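*Asks:* Quick one: this structure, given as structure tokens, is what I'll be asking you about.
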Amino acid sequence: MSIDDNIQIDNPTSCPVTHFHEVNTEGGPAGWHFDNFDTKREQAAVHTGVAGPAQYFLVTRMADIRSSFQKASVFSNSAVVPADPDPMYRWIPEMLDGREHTAWRHLLGPFFAPAAVANMESMVRARFGEVLDAVAAKGSCDFVQDVALLFPNVVFMDLFGLPREDAETFQAWEVDILHGGHSSEEGQQRRMDAMMAVMGYFTQLISDRRSTPDPSRTDILSQSLQWEIDGTQVSDQDLLDFCLLMFMAGLDTVAAQLTFNWWHLATHDGDRRRIVSEPALIPTAIEEFLRYYSFVTPGRKVMEDTEIAGCPIKAGQMVYLPLVSANRDPREFPDADQVVIDREANRHIAFGAGPHRCLGSSLARQELQVAMEMWHERIPEYRLAPGAEVREHGGQVGIDSLPLVWDV
Ligand code: HEM
């Protein structure tokens with residue numbers, strides 16, 4: 001008997017039944033989740049099925065996904081994981097709605113605005129230079145462990161004023177929390193232990209910074225101690241919920257995107273050689289990789305009875321809005337199923353849409369740009385290690401390991 005057989009699915013329309021574990025599994029060959037969404041999208045605009053304790057709805061096409069993000073009063077961020085409609089946690093600002101969310105975006109906006117990010121460029125270049133120095137002369141690396149996970153971590157350390165040597169610890173927590181493998185009891189325990197460790201780390205940090213304030217510190221965390229909303233100081237609990245969200249939003253996302261980009265370039269010689277010979281193409285190519293390899297799959301909780309593409313959905317139910325399914329929708333993009341690195345019009349939603357659109361998109365683009373430029377100046381020719389089998393995990397979808405080799 002399957003884990004879902006006990007739950008009655010209310011399926012009033014003809015939408016097909018697709019259980020959550022069929023679209024976000026523990027793993028498979030790289031690209032598997034994306035291809036699966038392509039199939040689901042062409043089968044139907046909405047599927048229903050079971051996610052954890054409840055029924056959920058998988059929405060597959062750009063027009064419906066984009067408009068769900070934009071109707072924030074109907075599609076709430078109070079729950080964002082389809083299998084968890086009544087969460088005990090509240091990541092800030094991701095899980096806030098309405099005025100409270102707007103107030104937080106006003107506080108955070110200046111730190112991530114394009115002008116602020118432009119000022120970080122020399123720091124970001126220096127951090128990527130260090131990561132690259134450590135691998136370039138070796139002629140091989142695991143791109144995931146040695147580059148993709150490490151680079152955004154060391155940038156984060158700078159942003160939050162944390163010691164560089166904690167980056168490897170962050171990296172291990174990140175893998176345990178976000179890279180799936182949670183169907184076994186041992187995997188779940190590992191995830192829980194890592195979450196407790198991250199919470200403990202930030203709780204201690206906030207308390208230390210409060211007890212020994214240092215006005216010369218300009219990092220985000222030190223400044224956040226002064227933040228107020230409607231004249232009231234932001235509480236330590238809210239600061240902790242903010243730090244947890246930043247940990248999850250700012251590290252593994254850039255790592256996953258970098259890895260999909262390099263997987264593509266290592267296996268498509270023509271595209272890689274164009275990046276090397278025409279570096280002015282890099283920004284356009286990055287937008288195309290963001291479109292084609294969009295791994296973020298947000299959920300929303302429905303606040304009032306509604307319908308999507310003729311499918312009725314009741315208040316309290318969850319919808320699942322995989323961005324890759326929208327971004328590869330042939331109704332929206334010509335040659336949607338091809339990577340076209342010089343694609344001209346590219347209105348993808350890899351950073352989401354509506355009020356929760358990614359706060360860190362300028363920084364993310366800068367990190368992707370710097371990494372692609374600097375790596376290809378130094379290592380223009382590289383390939384997958386012979387015999388490498390590239391696989392991806394569920395959870396926050398991403399590649400487990402990407403062994404690369406090059407001549408030195
Ligand atoms: C390629 C890298 C990245 C991608 C693809 C990405 C994608 C996204 C997406 C799709 C959302 C919206 C989620 C939703 O609608 O539920 C989001 C939200 C967010 N992202 Fe990113 N992100 C990336 C990097 C970053 C970075 C580097 C930071 C900061 C250091 C960041 C900070 C945030 C924050 C704070 C939110 C929540 C915004 C809100 O709720 O108002 N992201 N991101």
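Readers should treat all values here as calculations from the given coordinates under stated rules, not as data from a laboratory. Model, not experiment: these values are computed from the prediction. All Cβ positions, even for glycine, are placed from backbone atoms using ideal geometry, and neighbour counts span all protein chains on display.
*Asks:* Taking a cut-off of 22 Å, what percent of all Cα-Cα pairs in the stretch 212-325 are separated by more than that?
*Replies:* Details: 3980 of 6441 pairs.
The proportion of pairs with Cα distances above 22 Å equals 62 percent.
*Asks:* Order by neighbour count: VAL370, VAL144, fewest other Cβ atoms within 10 Å first, most last.
*Replies:* Numbers: VAL370 20, VAL144 25.
Taking fewest neighbouring Cβ atoms as first place, the list is VAL370, VAL144.
*Asks:* Sticking with this one: Just check the stretch 120-241 against the gyration tensor rule for me: Cα atoms, a ≥ b ≥ c as the square roots of the eigenvalues, rounded for a/c under 1.5, and otherwise prolate or oblate depending on whether a/b exceeds b/c. The partial results should precede the final answer.
*Replies:* Numbers: a/c = 2.79, a/b = 1.27, b/c = 2.20.
It comes out oblate by the Cα gyration axes.
*Asks:* Picking from LEU96, THR267, ALA385, whose Cα lies most toward the positive end of the charge dipole for the chain (charges on Cβ: Lys, Arg +1; Asp, Glu -1)?
*Replies:* LEU96
*Asks:* Moving on to the next point. By count of other Cβ within 10 Å, fewest leading, how are GLU165, GLU392, GLU332 ordered?
*Replies:* On the way: GLU165 8, GLU392 25, GLU332 17.
Ordered from fewest to most neighbouring Cβ atoms within 10 Å, GLU165, GLU392, GLU332 come out as GLU165, GLU332, GLU392.
*Asks:* Compare the peptides 192-199, 154-161, 249-256, 32-39 by average per-residue count of other Cβ atoms within 10 angstrom and give them in order, highest first. It would help to have the intermediate numbers written out before the result.
*Replies:* Details: 192-199: 15.4, 154-161: 19.2, 249-256: 23.6, 32-39: 17.8.
Top of the packing list down: 249-256, 154-161, 32-39, 192-199.
*Asks:* Taking 0.36 nm per residue of separation and subtracting the Cα-Cα distance, what length does fully extending GLU389 through MET199 add? Intermediate values should be presented prior to the final figure.
*Replies:* Details: separation 190, 0.36 × 190 = 68.40 nm, distance 3.48 nm.
Taking GLU389 through MET199 to full extension adds about 64.9 nm, to one decimal.
*Asks:* If you don't mind, another one. Using the crude model of +1 on Lys and Arg Cβ and -1 on Asp and Glu Cβ, and no other charge, please compute the dipole size for the stretch 20-379 relative to its Cα centre, in debye to 20.
*Replies:* 660
*Asks:* Still on this structure, I have one more. Under a straight-distance cross-link criterion of Cα-Cα below 20 Å, which lysines are reachable from LYS301, leaving out those fewer than 8 residues away in the same chain?
*Replies:* LYS71, LYS314
*Asks:* Here's something else I'd like to know. Considering every pair of different Cα atoms, what Kirkwood radius, in Å, is found for the chain?
*Replies:* Numbers: mean 1/r = 0.0450 Å⁻¹.
Evaluated over the chain, this radius sits at 22.2 Å.
*Asks:* Using a Gaussian network model on the chain with a 10 Å cutoff between Cα atoms, which of ILE220, ILE341, ILE282 fluctuates the most?
*Replies:* Maximum among the listed residues: ILE220.
*Asks:* Okay, moving on. Taking a cut-off of 25 Å between Cα atoms, list the lysines near LYS138, but don't count ones fewer than 8 places away on the same chain.
*Replies:* Hits, sequence-local ones excluded: zero.
*Asks:* Can you return the aspartates and glutamates within cross-link range of LYS40? Criterion is Cα-Cα under 20 Å, with same-chain partners fewer than 8 residues away left out.
*Replies:* Cα-Cα hits under 20 Å: ASP4, ASP10, GLU22, GLU26, ASP64, GLU307, ASP329, GLU332, ASP335, ASP337, GLU392.
*Asks:* Taking R0 as 30 Å, what's the FRET efficiency between LEU225 and GLN188 from their Cβ-Cβ distance, rounded to 0.05?
*Replies:* On the way: r = 34 Å, r/R0 = 1.14.
According to the calculation, E is roughly 0.30.
*Asks:* At q = 0.08, 0.12, 0.18 Å⁻¹, what base-10 log of I(q)/I(0) does the Debye formula yield for the stretch 260-408 when every alpha carbon is treated as an equal point scatterer in vacuo?
*Replies:* Here log10 of I(q) over I(0) equals -0.29, -0.61, -1.19.
*Asks:* In the stretch 20-379, if the dipole is taken from +1 on Lys/Arg beta carbons and -1 on Asp/Glu beta carbons about the Cα centre, which of GLY139, SER361, SER184 is farthest to the positive end?
*Replies:* Of GLY139, SER361, SER184, it is SER361.
*Asks:* Which of the listed residues, LEU162, VAL324, LEU205, is farthest toward the dipole's positive end in the stretch 20-379, when Lys, Arg count +1 and Asp, Glu count -1 at the beta-carbon?
*Replies:* Of the candidates, VAL324 comes out farthest on the positive side.
*Asks:* Report the label-to-label distance for GLU377 and MET123 in nanometres (one decimal), using points 7 Å from each Cα along the Cα→Cβ vector.
*Replies:* Label at GLU377, label at MET123, 2.1 nm between them.
*Asks:* Can you report the principal axis dimensions of the stretch 27-150 using only the alpha carbons, biggest first, rounded to whole angstrom?
*Replies:* Cα spread of the stretch 27-150 along its principal axes, largest to smallest: 51, 41, 30 Å.
*Asks:* Sort TRP173, TRP227 so that the residue with the fewest other Cβ atoms within 10 Å of its own Cβ comes first and the one with the most comes last. The partial results should precede the final answer.
*Replies:* Working: TRP173 20, TRP227 16.
So the ranking, lowest neighbour count to highest, is TRP227, TRP173.
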